[in-house]
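Structure, as structure tokens:
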Amino acid sequence: MQKKLLLVLVLLGAMLGVGAAAIAQSAKPDASASLMLGKMHQNNGLTCETCHGAGKKTTVPMAKCVTCHETKALAKRTENVKPNNPHNSRHYGTEADCNLCHHQHVKSEDKCAECHKFNFKVP
């Protein structure tokens, strides 16, 4: 009887340990979360209000983005990206809305990949 009880307690302890480890692992942010632009902006001393104003639930308009990230200068910085400059495309020139690819609080995406296979890494 004592051996069975001991076995049950050992198994229960192991199951609790595995469950706790799984919970701890799921609580860790993934690598993409640390690269979100909202976090990058925060790390550079900006507050939510800097971009969103008082209405934090609104999408930041491109006009606000370009107060710091001037489009032609950005296109110049990325002119050597191969196979094409993502900030000077044949579709949008240098005026593509930043929000097409760059997202502040979720993982950004390569909008060009909907039709093309450029495989841009998008911060």
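Any read-out appearing in this document is the output of simple, stated calculations on the displayed coordinates, not a laboratory observation. Because the structure is a prediction, the values reported are computed rather than measured. Here Cβ is always computed from backbone atoms with ideal geometry, including for glycine, and neighbour counts include all displayed protein chains.
So how far apart, in nm, are the two label points at GLU79 and LYS107 if each is 7 Å from Cα heading toward Cβ?
It works out to 3.3 nm between the two label points.
Could you tally the net charge around MET62, taking each other residue with its Cβ under 11 Å from the Cβ of MET62, Lys/Arg +1 and Asp/Glu -1?
Net charge around MET62: -1.
Just want the ordering: ASP97, ASP110, from fewest to most Cβ atoms lying within 10 Å of their own Cβ. All intermediate terms of the calculation are to be shown ahead of the outcome.
Details: ASP97 13, ASP110 16.
Least crowded to most crowded, the residues run ASP97, ASP110.
For the pair HIS52 and HIS69, how long in nm is the line joining their label points, each one 7 Å along Cα→Cβ?
Using points 7 Å along Cα→Cβ, the separation is 1.7 nm.
What list do you get for SER89, SER108 if you sort them by fewest beta carbons within 10 Å?
Numbers: SER89 16, SER108 20.
By the 10 Å Cβ count, ascending: SER89, SER108.
So how much slack lies between THR59 and SER89, counting 0.36 nm per residue of separation and subtracting their Cα-Cα distance, in nm?
8.5 nm
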